[in-house]
């Protein structure tokens, strides 16, 4: 999305729209509730949280967010309004209101844009004295910059301007480089877990240089291969040349030389993948770690585990 988009509250770059300039006839393009947080995208492409959704994100009661909108244009500004406006101003943003009022059927939605949400979240994270301040800080660290916009787009399944999502492009580039590189009679981890990767991308995983699940799978499978002495049963594994796209940091050491395994071991790999890696908890641990590192959006692990059918607590460790 361009940085000077017309957004909520008449935002356009660092200028403030006046009533005489008119307002866009905005509507909700798509809306969804994700773990109790209502979010969506307006017809101009602006990602938003509802008032209650923003309150939940900040760890405060709904009324604390409501009063921000009510006090926004008071002649004598309260300290919190001044601070939030200052946080916006540092980014070159001026809002005539922190939300856009959208009338739909028999309800009114107070839609807070991603930029307004981040400023308000930052205020509650570092300036306000609230009970759940650590929650607000954690959420701000995870969602700062473009992360909140990307998170909303991902969760509601919105594709701006028909662009190919970067995760799909990177997956395509990797598949292209691996194609026909594995010797006949052997299988490779990346190609074998392609279905899993596709499911992850559909669920919103930012598959790329920071999140390469085939490395995790390959490491655990290699340990299983050695511990179970599978070479004695299926024959030796061998190495093949594998390259990453040149925009991946890993490409600096191209060509990589991962193992590929005898086709005879494929049934055992698929059994191990299903029973040990996925249902056994290794996958949950991997994406949980990536979530804590900020590589994956908050609560993505729950979405991912549900997408691949391993969200039953009795099936994971």
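Scanning the stretch 220-261 for residues being surrounded by 14 or more Cβ atoms within 10 Å (Cβ to Cβ) and in a helix (DSSP H, G or I) gives a total of 9. Listed here are the helices (runs of 4 or more DSSP H) enclosed by the stretch 36-100 that have at least 3 residues being surrounded by 13 or more Cβ atoms within 10 Å (Cβ to Cβ), out of contact with any helix residue (DSSP H, G or I) (no Cβ under 9 Å at 6 or more places or on another chain) and in the same structural domain as residue 147 (by TED's automatic domain parsing), and there are none. For the stretch 129-149, name all the residues that are crowded, with 16+ Cβ neighbours inside 10 Å and over 20 Å from residue 294 (Cα atoms). Matches in the stretch 129-149: 130 only. Considering only residues in the stretch 159-186 that are over 19 Å from residue 249 (Cβ atoms) and surrounded by 16 or more Cβ atoms within 10 Å (Cβ to Cβ), the one that is modelled with the lowest pLDDT turns out to be 165.
Anything in the stretch 200-230 that is in contact with a strand residue (DSSP E or B) (Cβ under 9 Å, 6 or more places away or on another chain) and modelled with pLDDT of 90 or more? List them, or say none. Residues satisfying the conditions are 218, 221, 222, 225, 230.
The values are calculated or read from the model by the stated rules, or taken from the named source; none is laboratory data. No experiment lies behind these values; they were computed from the predicted model shown. Glycine also receives a Cβ, built like all others from the backbone with ideal geometry; neighbour counts cover every protein chain displayed.
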